[in-house]
1. Over the alpha carbons of region 112-212, what is the largest minus smallest coordinate on each principal axis, giving the biggest first in Å?
2. Quick one: among Asp152, Asp20, Asp53, which has the greatest mean-square fluctuation in a GNM of the chain with alpha-carbon springs under 10 angstrom?
3. Have a look at Val83, Phe122, Ala65 and report the one farthest towards the positive end of the charge dipole of region 59-125, computed about the Cα centre with Cβ charges (Lys/Arg +1, Asp/Glu -1).
4. Which trypsin sites (Lys or Arg not before Pro) does region 100-140 hold that lie in a coil by DSSP with at most 14 other beta carbons within 10 Å?
5. How much FRET efficiency would the formula 1/(1 + (r/R0)^6) give for Gln150 and Glu119, where r is the Cβ-Cβ distance and R0 is 22 Å, rounded to 0.05?
6. Kindly express, to the nearest 10 degrees and within the range 0 to 90, the angle between helix 125-138's C-alpha long axis and the longest C-alpha principal axis of the chain.
7. Does anything in region 175-216 have its amide N under 18 Å from the 7 Å Cα→Cβ label point of Glu109, and if so which residues?
8. Based solely on C-alpha atoms, express the radius of gyration and the Dmax of the chain in angstrom.
Amino acid sequence: MAAAGITGTSGRAYSAPTVDLPPLPYPDDALEPVISARTLSFHYGKHHKGYYDNLNKLVADTPMAGMSLEQIIAESADKPDLVSIFNNAAQTWNHTFFWKSLTPKGGGEPPAALKQRIEASFGSMDACKKAWAGAATTQFGSGWAWLVQQPDGRLTVTKTSNAETPLTQGMKPLLVIDVWEHAYYLDYQNRRADYVAAVLDQLANWEFAASQLSTS
């Protein structure tokens, strides 16, 4: 969406919204049988697009129009009067990151450099996956389970509720699993643990995680 100058109700000139909705990085059926084409179509086309549409409506004709998605999240975090903007901005970002966290024929072994960092932080790959699955399955209600890099370089697992994101908590996201019910309920009903295990074993995009890793 290209930026264009507009005048707000206050008479000040703002830019039109510039937040884009990236296309899915794979076809709707690419993640089957772990995630069905029906689930992916609804999840991306209804839920993710809904957050994107709401966000652009909320920031239009405001000083946030023209900001990047990350800037909008930073500007609206922890501000009660901007909670709707934050929720829709963070959910737009979280979902885009989630799609990148998955890949057909994923899972398996991470690239060597990432595997070394995981083993240094968790002790083993199995321990990392166990901690991550534990965060995903014990998140009460809606939320996200993240593999993140801490400011000191350590890799840890964390979980966030609703639209919350590590971006506002000083952590660098590497991968995420969406544990909102709409992410899995059509395929797994209440069996969240089965969904999480299948994502970790068959879809986790370790190459993407390695690309996000800070080496300093």
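Coordinate-derived values only; no laboratory data. The structure displayed is predicted, hence computed values, not measured ones. Here the Cβ positions follow ideal geometry from the backbone for every residue, glycine too, while neighbour counts run over all protein chains shown.
1. Taking the Cα atoms of region 112-212, the three principal extents are 37, 28, 20 Å.
2. Its mean-square fluctuation being the largest, the pick is Asp152.
3. My answer, from the dipole projection, is Phe122.
4. Lys105
5. Step by step, r from the Cβ atoms, then E = 0.85.
6. With both axes taken from Cα atoms, the answer is about 50 degrees.
7. Inside the label zone: 201-211.
8. Taking only Cα atoms of the chain, I get Rg and Dmax of 18.0, 59 Å.
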